[in-house]
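Asks: Input: one structure, supplied below.
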Amino acid sequence: MISFAGCHDLRDMSIIKEIDCPRCGKKEGIEVIERDNQTVGESICDKCGYTIPEGVVLMNYLEQEDM
């Protein structure tokens with residue numbers, strides 16, 4: 001069995017992003033946490049309350065909202 005050191009650590013790493021709200025446009029109004037390319041927990045705009053749900057691929061979700 002071959003084991004690559006650090007592979008699981010990279011997989012479990014979370015990324016924190018601050019994005020502009022797609023509804024009200026507030027700059028960096030939503031803090032989004034991603035792990036394995038999916039959102040972790042709900043992310044809410046502190047100005048208008050726009051919510052990004054847990055467990056979605058952020059870019060795909062935002063593209064669907066634009067349609």
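The values are calculated or read from the model by the stated rules, or taken from the named source; none is laboratory data. The structure displayed is predicted, hence computed values, not measured ones. Here the Cβ is made from the backbone with ideal geometry for all residues, glycine too, and neighbour counts use every protein chain on show. Protein only, heavy atoms only, side chains kept; ligands, DNA and RNA dropped before computing areas. Shrake-Rupley method; radii C 1.70, N 1.55, O 1.52, S 1.80 Å.
Asks: Could you put 26, 47 in order of accessible surface area, largest first, with the 1.4 Å probe and the full protein assembly present?
Replies: Ranked list, largest accessible area first: 47, 26.
Asks: Using per-residue counts of other Cβ atoms within 10 Å, averaged over each peptide, order 12-18, 56-62 from highest down.
Replies: Descending mean neighbour count gives 56-62, 12-18.
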